[in-house]
Amino acid sequence: MTPADADGLRATFAEAHRRYTGVINARFRWTGHLFQGRFGAVVVEEPHLLAAARYIALNPVVAGLLSRAEDWPWPSTRAQPAGGDDEFATVAPLRALIPYFAALLAVPADEATMIRIERAPTTIGRPIRRPE
């Protein structure tokens, strides 16, 4: 199926999301947008980007789901050590900063940086950077 105009895909998903939200809100007696406040994005400096990539890659290990991040079946943790893009992940931007992703996973975490990442102001759009 191909949208009839440039706005067709957006309109289709907007309507589907509106209907699905109504059903879920009625079922659980909730109100508001179904996915409100869930996702955010902020600008980060290079050290924080690397720490965030490490944090994300090691989440399944910390959660006890496996012993090595490289064994996680989902991108981009799987694509980074292999050094090549797959159907889900483009590795070049991060590999330009750290060519050996496995080395990033091996270094001990900088606790102060990890705390700033965990408390990132994702809903207000302020950059994450080193403290002044």
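Take Phe13 and tell me if it is of a type outside the set (Ser, Thr, Tyr), outside the structural domain of Pro99 (by TED's automatic domain parsing) and loosely packed, with under 10 Cβ neighbours inside 10 Å.
Spelling it out, it is not the case that Phe13 is of a type outside the set (Ser, Thr, Tyr), outside the structural domain of Pro99 (by TED's automatic domain parsing) and loosely packed, with under 10 Cβ neighbours inside 10 Å.
State yes or no: is Ala51 in contact with an Asp or Glu (Cβ under 8 Å, 6 or more places away or on another chain) and surrounded by 10 or more Cβ atoms within 10 Å (Cβ to Cβ)?
yes
For the stretch 52-65, which residues satisfy the criterion of being among the hydrophobic types (A, V, I, L, M, F, W, C) and under 25 Å from Leu97 (Cβ atoms)?
If the condition is that a residue be among the hydrophobic types (A, V, I, L, M, F, W, C) and under 25 Å from Leu97 (Cβ atoms), then Ala52, Ala53, Ile56, Ala57, Leu58, Val61, Val62 are the ones that fit.
The values are calculated or read from the model by the stated rules, or taken from the named source; none is laboratory data. Predicted model only: the values in this text are computed from it and were never measured. Because the Cβ atoms are built from the backbone with ideal geometry, glycine has one as well, and the counts that use them run over all protein chains shown.
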